[in-house]
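Structure, as structure tokens:
The values are calculated or read from the model by the stated rules, or taken from the named source; none is laboratory data. The structure presented is a predicted model; accordingly, all values stated were derived computationally and were not measured. Quick reminder, even Gly has a Cβ in these numbers, built from the backbone with ideal geometry, and neighbours come from all protein chains shown.
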Amino acid sequence: MVASGEESGSVTLSAAFVLEGRLSVTAALEAGQREIFRILIDSDKRMDRRAARLRHAAESAGVALEFVSAETIAQHASGQTHGGVIALTGERHYVSLADLIPDRASPFIVMLDGIEDPYNFGFAIRALYAAGVAGVVLRPRNWTSASAVVGRASAGTIERMPLAIADSAEDAAACYRERGLLVAAAAKSAAGVSLYNADLTRPLFVLVGGEKRGVTRSFRSRADLLLEIPYGRDFAGSLGTVSATALIAFEVLRQRRAAEI
């Protein structure tokens, strides 16, 4: 969303993106993954303790903060769940594919490819962040342009999660395979291995497809491992992207924590 040329007092509001809600704005301040031009808070919250903490955080980061009317907030917000807090920001920063690999023995990186709903994208990011995923790979056309919606759905974790861009899933897979990561895909297949029987403690790159297309046949044929989620009854359909993403991420976490014991 663009905040175009409107003024609050004597200050012109101009930004490429708007983040909404205290969690998203606080995360953006702490993560430093984008430039924050100005934070706006509903003047009715001037005495709110959480607003005071946000003001102190903004001051520490050298970011301007202003108390404005509810009408001014509404002019720039896309929804009603902002809680009277928005930030006018620049574009999100990305790192290289190689930079997502952390300085530890067994990295776990996920690519979300083809998710069409920004809420699903945000929910998936929230699950991956909570499960400790090192970073997420996206295609050039991704849902970070819907910053306000994704920020709310992800509870601000989209601002904290390291992100990289790949032109294709194949490009990302080639990069990580060269660096010793096992390339896996979430897919129902006769060649699939149960999520609970696969060794997920190894260095791992997992591709999760979107709601409609899933993982392409060509990628499945070249993957080192196809992960299948076993069901408790005969079920011809499949889990949604968010559910599948969360199950895989937390099974990886479970196995790795068990291996540390």
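Do we have residue 173 as part of a helix (DSSP H, G or I), more than 24 Å from the chain's Cα centre (by Cα) and more than 30 Å from residue 85 (Cα to Cα) here? Walk me through it before giving the result.
Numbers: part of a helix (DSSP H, G or I): yes; more than 24 Å from the chain's Cα centre (by Cα): no; more than 30 Å from residue 85 (Cα to Cα): yes.
Here the answer is no, as residue 173 does not meet what is asked.
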Here the qualifying pairs (Cβ atoms under 8 Å; residues six or more apart or on different chains; first in the range 224-239 and over 19 Å from residue 169 (Cβ atoms) and in the same structural domain as residue 205 (by TED's automatic domain parsing); second surrounded by 10 or more Cβ atoms within 10 Å (Cβ to Cβ) and of a type in the set (Phe, Trp, Tyr)) come out as 230/196
Within the range 206-229, the residues that are outside any strand (DSSP E or B), touching a Leu at 6+ places or on another chain (Cβ under 7 Å) and not acidic (Asp, Glu) are 215, 219, 220, 229
Conditions (1) within 30 Å of residue 234 (Cα to Cα); (2) free of Cβ contacts under 8 Å to residues at least 12 places away in the same chain; number of the one not met by residue 186 = (2)
Would you point out the residue of the range 88-112, among those that are surrounded by 13 or more Cβ atoms within 10 Å (Cβ to Cβ) and more than 18 Å from the chain's Cα centre (by Cα), that is nearest to residue 249 (Cα to Cα)?
-> 106
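Being among the charged types (D, E, K, R) and either in contact with a strand residue (DSSP E or B) (Cβ under 9 Å, 6 or more places away or on another chain) or over 13 Å from residue 23 (Cα atoms) (or both) is the filter; apply it to the range 118-159 and report the residue that is modelled with the lowest pLDDT. Reasoning before the result, please.
So in the range 118-159, the residues among the charged types (D, E, K, R) come out as 126, 139, 141, 152, 159.
Going one step further and asking which of them are either in contact with a strand residue (DSSP E or B) (Cβ under 9 Å, 6 or more places away or on another chain) or over 13 Å from residue 23 (Cα atoms) (or both), we end up with 139, 141, 152, 159.
Values: 139: 92, 141: 75, 152: 91, 159: 96.
If we take residues in the range 118-159 being among the charged types (D, E, K, R) and either in contact with a strand residue (DSSP E or B) (Cβ under 9 Å, 6 or more places away or on another chain) or over 13 Å from residue 23 (Cα atoms) (or both), then 141 is modelled with the lowest pLDDT.
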Which of (1) of a type in the set (Gly, Ala, Ser); (2) modelled with pLDDT under 90; (3) closer than 20 Å to residue 101 by Cα does residue 187 not meet, given it meets every other one?
-> (3)
Where a residue in the range 23-48 is free of Cβ contacts under 8 Å to residues at least 60 places away in the same chain and surrounded by 19 or more Cβ atoms within 10 Å (Cβ to Cβ) and its partner, wherever it lies, is among the polar types (S, T, N, Q) and in a loop (DSSP other than H, G, I, E, B), with Cβ under 8 Å and at least six apart = 42/69
